[in-house]
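Derivation of every value follows stated rules applied to the coordinates shown; laboratory data play no part. If you're wondering where the values come from, they're calculated on a predicted model, not measured in any experiment. For neighbour counting, all protein chains shown are included, and Cβ atoms are generated from backbone atoms with ideal geometry for every residue, glycine included.
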Ligand SMILES: Nc1nc2c(c(=O)[nH]1)N[C@H]1C(S)=C(S)[C@@H](COP(=O)(O)O)O[C@H]1N2
Ligand SMILES: [Mo]
């Protein structure tokens, strides 16, 4: 009887903290793990979880907040996500493909646009990332779990948080 009680207490102590730790990530998604969908002009549409991003090649990006204070974010370069999804990059990014753009959509309806050329290493050395950490810790509730971080931009308006979708679109007329 006594032993059963201790086993129950032990299970409780092990399970509860991990449930609490996950709460911020799932709070806005009704218990489902948060995901980022990669859709549109891609060969392979993706649904990325935090675990998927943790397993991909990682990099850091420094960006200032609205107060001008620099922060180091870490996550996955958009170019890595594009390679995984089959987006036109590098040598393929010419001709009509230069009319393609990335439309980022966030949970609050905020949207921002980047042309694909702005995000391509054959056009620029600037590496834009999908961040899941700031200063080595998960993004705080409200600005996570996933955030676009554009280093070196004069204002942080395109560092959009609570990212839900990365859609590749064609602006061709
Ligand atoms: N999803 C989402 N992301 C957003 C915004 C927003 O309204 N919604 N505001 C942007 C603007 S205008 C600014 S200035 C920065 C502020 O980020 P900071 O708090 O890190 O300075 O977030 C950007 N990212
Ligand atoms: Mo802003």
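Specify whether the C-alpha gyration tensor of the stretch 22-159 places it in the rounded, prolate or oblate class, a ≥ b ≥ c being the square roots of the eigenvalues: rounded for a/c under 1.5, otherwise prolate if a/b is larger than b/c and oblate if not.
Numbers: a/c = 1.76, a/b = 1.28, b/c = 1.38.
Oblate, since a/c reaches 1.5 and b/c is not below a/b.
Test of understanding: ordering 98, 166 by Cβ neighbours within 10 Å, fewest first, what list do you get?
On the way: 98 16, 166 26.
Ordered from fewest to most neighbouring Cβ atoms within 10 Å, 98, 166 come out as 98, 166.
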In what sequence do 113, 76 fall when counting other Cβ within 10 Å, fewest first?
113, 76
For residue 103 and residue 115, compute 0.36 nm times the residue count separating them, minus their Cα-Cα distance, and round to one decimal in nm.
3.4 nm
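For the stretch 96-149, what class follows from the C-alpha gyration tensor (a ≥ b ≥ c being the square roots of its eigenvalues): rounded when a/c is under 1.5, otherwise prolate if a/b is larger than b/c, else oblate? Could you put the intermediate results ahead of the total?
Values: a/c = 4.65, a/b = 1.60, b/c = 2.90.
Since a/c reaches 1.5 but b/c is at least a/b, the shape of the stretch 96-149 is classed as oblate.
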Using alpha-carbon positions, what is the distance between the centroids of the stretch 32-73 and the stretch 154-173, in Å?
12 Å
Sort 147, 94 so the one with the fewest other Cβ atoms within 10 Å of its own Cβ comes first.
94, 147
